[in-house]
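The values are calculated or read from the model by the stated rules, or taken from the named source; none is laboratory data. On a predicted model such as this, the values are computed, not experimentally measured, just so you know. Because the Cβ atoms are built from the backbone with ideal geometry, glycine has one as well, and the counts that use them run over all protein chains shown. The protein model used for the area step is the full one, side chains on, heavy atoms only, and it has no ligands, DNA or RNA in it. Shrake-Rupley method; radii C 1.70, N 1.55, O 1.52, S 1.80 Å.
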Amino acid sequence: QLGAELLRRIAPTTSPDVQEEAVRQLMQRVVGGKASKWFDVEVNKLLDARSYQISLQQSGKVLIVGSDGVSVSKGFHHYLKQVLNKDFEWFKTHIELPNNLQLPNVTLHSASASPIIYYQNVCTWSYSFVWWNLDQWRRHIDWMALMGINLSLAPNQEAIWQDVYAELGLSRQEIDGHFAGPAFQAWQRMGNIRGWAGPLPPAHRRLQQRLQQHIVQAQRELGMSVALPAFAGHVPQPLQRIFPNANYSLAERWNHFPDPYCCNLFVEPNDPLFQQLATLFLQRVVQTYGSNHIYFCDPFNEMQPRIAEPQYMRTTSQAIYNSMRTVDGEAVWLLQGWMFLQIDYWRDELIEAFLTAVPRGRMLVLDLQSEQFPQYQRTNSYYGQPFVWCMLNNFGGTLGMFGSARLINSGVGSARMMPNSSMVGVGITPEGINQNYVMFSLTLERAWSAEDLSLDDWFNHFALTRYGVNDTRLAQYWMLLRNSVYNFHGLQRMRGKYVLNRRPGLNLKPWIWYNASHVSEAWQLLISAKEIVPLEDDRYAIYEHDLVDITRQFLQLSIDHIYVNLRSAYRKTQLERVQYLAGKMLQMLDDMERILASGAHFLLGTWLEDAKRLALTANQRRIFEFNARNQLTAWGPNGQILDYATKQWSGLVSDYYQPRWSMFVDAITLALQSNTPFNATNFKLRVANEIELPFSNLTKLYPTEPVGNTWQISQQIYTKWNALAKDSQFLHYNRV
């Protein structure tokens, strides 16, 4: 009941006719112009909420009826995947259907067990979406609708603040000094940083606002709801010049950012200035983007409130909610529960005071990482406020196979069945996308299902629909991954920092939670299945993508193993073995570069060129390229969050990771040869000043198209390293 009431409050008011036409256009983009030959659609609001019906008409067309456009789209996806054995993903949003397609006679009805299926993290807009254009967004919105997602974010707000700050009296210089560069806006919006990697050109702010207007319109036409930003209290320091008597506190220093880029002011929510700014801002937001009566606001993202008392939490929460209600009497506050993970600060009584200050049902909490660190249990289902069970799974958009299939499958059902559960939905909240798609697909299908999925059946069918062929090798490939890389359970904080893409040193601690031989076995199976997936088939590109990914995973693991042996040899002063293993590590990095360069979705050049393409002037291109490079590497002026958003991409391996490791192995070799200790402090200074920090300012061009034959390169690497693994000199295997 709680979920149904919330859904009614935030549901878009788009007419059935508009939603039907939006779905028809989606179908044409997904399966081509003959979609109308095969499918009819209807939006019928008399159906149960979040449901669809599928039937074969006498005309021979399949009729999909849904309660809204998203539900019709979800029904269309069900028919494609479950009936026609055709699927899509982030990298493949078009499906080829034969001209002589015979449509099976299927009749079914399905309703979502989750009133709300949510997608996005505030960070996704910086780690993955930052350089996107409207065409990329159009394909992604199609994917969202097909997966049944009916709630997401629209965080762009800089153009609105530009006008608000100017009207209040801030100068152009003060405004420009506040906004961070495009790749770092997520953290500027949350008050963590200011001005870093800027200035953000005013024209770019306007263009991004216009882009978001198109995005929001497309989402609502399909029947999605969109959460808009509300005022969280963070303002530029110069605002104190205009309102000197307001009650401010200095934001906590975040991740050691230095003063020029740190420490915005936080306007205390009980100060009249807070209400003035909140009203002025939210009115402009609604005028610009319309409204679904839901607004996101995170006042204390990775920052602690200045007073740890229940009364302060209560009045702060009330003031923030009242600022929304002043503009929109139907307002619902969407809150990330991420801040509650700071359990040393957020005691139970503080959380309860903060949450219960808002009327029940007028706050929706995202339990941001339910698969590993659920907070709904210790908060007694968020003290009655509705919440969304979310899978995060990824930080910074890093690569590396990782997931918790079993925990996701069981965790959703357990949360629903918990006594007095206020769970109203399921979501995916990755900081970055374009990795581990299988986990996100599984979670979204589990969101719709009222029962636990059979993981054996689900993974087998995933293999069938992914490659279009029913082959035991491909099914076994995914079963091996399911029982290894996608079977994580534990409290270790997995952040995608593997040996190859971390700053070298003698104290790294690589670890895995599975039998590494499963990856080798899976790799061999995928290589052997080449002839099964026809080269001319539209799904061969997905096969190649997966082949790059599994080869990359093997090399990533092997470099971990080499490092453990290399470190051991150094500590035993075995100079010849150190030199031997160092040579093998650098060879593996060469092979990593080769295989990544053959994959269309593993190229640094694409990321950099997308960034430069958004710029309007030569100076902007320089700034945008700096943003793109710095986010992947130093993440700050002096490596404040070094390698947090690291990517295993061609170009980064050859010009960033490999030079670091080459410098390191030279240093430890020299230390052994000269019988002197390795100087870790000196090495850190050298690698930072010669490789890490300069990389942000380089202008080297990189390919935007793959180079080489993926299968041949993967086969060569497999033959080379599989044979070497049998050499007793090579590695002394142990669990890392």
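Out of everything in segment 16-49 that is more than 15 Å from VAL70 (Cβ to Cβ) and of a type in the set (S, T, N, Q), what residue ends up being surrounded by the fewest Cβ atoms within 10 Å (Cβ to Cβ)? Of everything passing the filter in segment 16-49, SER36 is surrounded by the fewest Cβ atoms within 10 Å (Cβ to Cβ). Restricting ARG205, ARG194, ARG220 to those that are touching a residue at least 12 places away in the same chain (Cβ under 8 Å), open to solvent by 10 Å² or more (accessible area, probe 1.4 Å), more than 24 Å from GLU302 (Cα to Cα) and among the basic types (Lys, Arg) reduces the list to ARG220. Taken as a whole, segment 270-280 holds at least one residue that is touching a residue at least 60 places away in the same chain (Cβ under 8 Å) and closer than 27 Å to GLY198 by Cα.
In segment 566-580, the qualifying residues are those that are in contact (Cβ under 8 Å) with a residue 60 or more places away in the chain and open to solvent by less than 10 Å² (accessible area, probe 1.4 Å), and the one that is nearest to the chain's Cα centre (by Cα) is LEU566. The residue that is most open to solvent (accessible area, probe 1.4 Å), counting only those in segment 538-554 that are farther than 20 Å from GLU521 by Cβ and of a type in the set (A, V, I, L, M), is ALA541. Report whether or not ARG220 is in a helix (DSSP H, G or I), at pLDDT 95 or above, out of contact with any Phe, Trp or Tyr (no Cβ under 6 Å at 6 or more places or on another chain) and under 27 Å from ILE10 (Cα atoms). Yes, satisfied. Taken over segment 479-509, the residue count meeting the criterion of being under 18 Å from GLN435 (Cα atoms) and open to solvent by less than 10 Å² (accessible area, probe 1.4 Å) is 8.
Quick grid of which residues meet (1) under 26 Å from ALA11 (Cα atoms); (2) among the polar types (S, T, N, Q):
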| site | (1), (2) |
| --- | --- |
| ASP328 | yes, no |
| THR356 | yes, yes |
| GLU371 | no, no |
| PHE387 | yes, no |
| LEU392 | yes, no |
| LEU407 | no, no |
| GLY413 | yes, no |
| SER422 | yes, yes |
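Restrict the check to segment 285-296 and report whether at least one residue is closer than 24 Å to VAL130 by Cα, surrounded by fewer than 22 Cβ atoms within 10 Å (Cβ to Cβ), in contact (Cβ under 8 Å) with a residue 40 or more places away in the chain and in contact with a Lys or Arg (Cβ under 9 Å, 6 or more places away or on another chain). Within segment 285-296, one or more residues are closer than 24 Å to VAL130 by Cα, surrounded by fewer than 22 Cβ atoms within 10 Å (Cβ to Cβ), in contact (Cβ under 8 Å) with a residue 40 or more places away in the chain and in contact with a Lys or Arg (Cβ under 9 Å, 6 or more places away or on another chain). The set of residues in segment 10-28 that are at pLDDT 95 or above and out of contact with any helix residue (DSSP H, G or I) (no Cβ under 6 Å at 6 or more places or on another chain) comprises ILE10, SER15, PRO16, ASP17, GLU20, GLU21, ARG24, GLN25.
Of ALA634, ALA688, ALA645, ALA628, all but one fail to be crowded, with 18+ Cβ neighbours inside 10 Å, in a helix (DSSP H, G or I) and small (Gly, Ala, Ser); the exception is ALA628. In the set (1) without any contact (Cβ under 8 Å) to a residue 60 or more places away in the chain; (2) buried (at least 19 other Cβ atoms within 10 Å of the Cβ); (3) assigned to a loop (DSSP other than H, G, I, E, B), PRO12 fails one condition alone, (1).
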